[in-house]
Amino acid sequence: MQDRPIAFIGGGNMAQAILTGLLAAKFAPSNMLVCAPTLATRKALTTKFSLNVSEGNCDAITFADVIFIAVKPKLVETVASELKQAMKLAEKQPLIISLAAGVTTAQLQKYFGDKSHVFAAMPNLPSAVGQGLTGVVAGKNCDTNSIRLVDELLSCCGKTLWLKDERQMPAIVASAGSAPAYFFLFLEAMIASAQKLGLSYQDAKTAALQSGMGALTMAAQSPLSVVELKEQVTSPNGTTHQALASFADNNLKLVVEQAMHAAAKKAASY
Ligand SMILES: NC(=O)C1=CN([C@@H]2O[C@H](COP(=O)(O)OP(=O)(O)OC[C@H]3O[C@@H](n4cnc5c(N)ncnc54)[C@H](O)[C@@H]3O)[C@@H](O)[C@H]2O)C=CC1
Ligand SMILES: O=C(O)[C@@H]1CCC=N1
């Protein structure tokens, strides 16, 4: 699998996160092509990863048999019409894996043609460190072998979640695609508060990060529920109780619910 030629349309944040995950899983940079319109991006990518770059998206068709679409959702249709032409000329049906939020397999099938082999995937940024979560749905023409291949590829970047019902995709966008940003925001707020309480930036960051990593590791490994773990931290009328009461007064759960609904609603709007 590691010697398969793979191309990316778009070389931004998400393409680079998946690339980093694949390279860490021993994919050869010489088997990777990134098609990016801006010279600065192409130069940065060659310097950082020593892989192939091209200004023209259609080079992806001759180069690869797996193509990640890593442009903004609104650009997928435009990019697809370019690639569709090249696919016709080359008489090739590469596997198309869209990373675009909210773009469905039915839309992809329409953009790339009825015979195309499309996957709608929703990864997240921790793919770069092998800790990603990718929700994924296969289009109607994808056979067992291509599903297995896509699963193996995405698994190089973390966990995969194959959705039985594509209507769940906005929920995956809200709870995985966008979610790393919620944790970064929470860390940002904790670091700033710890500084106000007297810690240096570095100590505040260490305290927040180590507590976060410790809590997430426990939540992943413990047989106890997150509610039970939370109770283990909370002494009756102690310090944690005061903090949690303040969160409750400010309706943190509702704040989170509203934020995730807003993300899901946006995903369903593309
Ligand atoms: N950033 C994230 O955490 C996640 C992003 N995604 C999805 O990944 C896709 C890309 O997002 P990001 O990487 O964050 O955006 P980005 O803005 O970092 O990267 C997009 C890249 O596409 C390039 N581009 C623009 N027009 C192009 C064209 N016609 N042909 C080829 N390349 C073109 C841009 O130069 C840019 O480098 C989006 O659809 C987004 O929904 C999905 C999950 C997580
Ligand atoms: O913010 C966005 O639209 C993209 C999709 C999920 C994460 N980033």
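The values are calculated or read from the model by the stated rules, or taken from the named source; none is laboratory data. What you see is a predicted model, and the numbers here were worked out from it, not measured in a lab. Because the Cβ atoms are built from the backbone with ideal geometry, glycine has one as well, and the counts that use them run over all protein chains shown. Heavy atoms of the whole protein, side chains included, go into the accessibility calculation; ligands, DNA and RNA do not. Shrake-Rupley method; radii C 1.70, N 1.55, O 1.52, S 1.80 Å.
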First in the range 106-129 and on the phi > 0 side of the Ramachandran plot, second anywhere and surrounded by 24 or more Cβ atoms within 10 Å (Cβ to Cβ) and in a helix (DSSP H, G or I), Cβ under 9 Å, 6 or more apart: GLY113/ALA80
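Would the range 93-100 turn up any residue that is more than 29 Å from ALA264 (Cβ to Cβ), away from ligand 2 (no atom under 16 Å from the Cβ) and open to solvent by 40 Å² or more (accessible area, probe 1.4 Å)? Let's see the steps before the verdict.
Looking only at the range 93-100, we keep the residues that are more than 29 Å from ALA264 (Cβ to Cβ), and these are 93-94.
Right, trim to away from ligand 2 (no atom under 16 Å from the Cβ) and you get 93-94.
Filter once more, keeping what is open to solvent by 40 Å² or more (accessible area, probe 1.4 Å): 93.
Scanning the range 93-100, I find at least one residue that is more than 29 Å from ALA264 (Cβ to Cβ), away from ligand 2 (no atom under 16 Å from the Cβ) and open to solvent by 40 Å² or more (accessible area, probe 1.4 Å), so the answer is yes.
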- line: Result of the Cβ filter at 7 Å on the range 135-149, keeping first residues that are over 25 Å from ALA264 (Cβ atoms) and partners that are among the charged types (D, E, K, R), at least 6 apart or interchain, is ASN141/LYS115
message: Can you confirm whether SER98 is near ligand 1 (Cβ under 10 Å from one of its atoms), closer than 17 Å to ALA17 by Cβ and free of Cβ contacts under 8 Å to residues at least 40 places away in the same chain?
response: yes
query: Is there any pair with a first residue in the range 170-199 that is closer than 16 Å to GLN258 by Cα and a second that is away from ligand 1 (no atom under 16 Å from the Cβ) and hydrophobic (A, V, I, L, M, F, W, C) whose Cβ atoms are under 8 Å apart and which are 6 or more apart or on different chains, and what are they?
result: TYR182/VAL256
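Which of the following residues is of a type in the set (S, T, N, Q) and closer than 30 Å to LYS253 by Cβ: SER175, SER116? Explain how you work it out, then say what you get.
Values: SER116 fails: closer than 30 Å to LYS253 by Cβ.
The match here is SER175.
Looking at the structure I just gave you, is PHE68 among the aromatic types (Phe, Trp, Tyr) and more than 15 Å from ligand 1 (Cβ to nearest atom)?
On the way: among the aromatic types (Phe, Trp, Tyr): yes; more than 15 Å from ligand 1 (Cβ to nearest atom): no.
Criteria not met by PHE68.
May I ask you to say which residue of ALA219, ALA263, ALA208 is in the same structural domain as LEU187 (by TED's automatic domain parsing), within 16 Å of ligand 1 (Cβ to nearest atom) and open to solvent by less than 60 Å² (accessible area, probe 1.4 Å)? Spell out how you get there, then give the answer.
Numbers: ALA219 fails: within 16 Å of ligand 1 (Cβ to nearest atom); ALA208 fails: within 16 Å of ligand 1 (Cβ to nearest atom).
Residue meeting the stated conditions: ALA263.
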query: Tell me, which residue of the range 93-112 that is in a loop (DSSP other than H, G, I, E, B) and under 11 Å from GLU166 (Cα atoms) is farthest from the chain's Cα centre (by Cα)?
result: THR104
query: Is it the case that some residue within the range 35-54 is surrounded by 14 or more Cβ atoms within 10 Å (Cβ to Cβ) and within 16 Å of ligand 2 (Cβ to nearest atom)?
result: no
message: Can you tell me which of (1) on the phi < 0 side of the Ramachandran plot; (2) in contact with a helix residue (DSSP H, G or I) (Cβ under 7 Å, 6 or more places away or on another chain) is the one ILE147 doesn't meet?
response: (2)
Pair list, Cβ under 7 Å, 6 or more apart: the range 1-25 residue within 11 Å of SER127 (Cβ to Cβ), other residue of a type in the set (Phe, Trp, Tyr): ALA15/PHE8; ALA15/PHE68; ILE18/PHE68; LEU19/PHE8; LEU19/PHE49
message: Can you find a residue that is of a type outside the set (Asp, Glu), open to solvent by 20 Å² or more (accessible area, probe 1.4 Å) and without any contact (Cβ under 8 Å) to a residue 24 or more places away in the chain anywhere in the range 56-65?
response: yes
message: Conditions first: (1) closer than 30 Å to LYS164 by Cβ; (2) open to solvent by 50 Å² or more (accessible area, probe 1.4 Å); (3) touching a helix residue (DSSP H, G or I) at 6+ places or on another chain (Cβ under 6 Å). LYS115 passes all but one, so which condition is the exception?
response: (3)
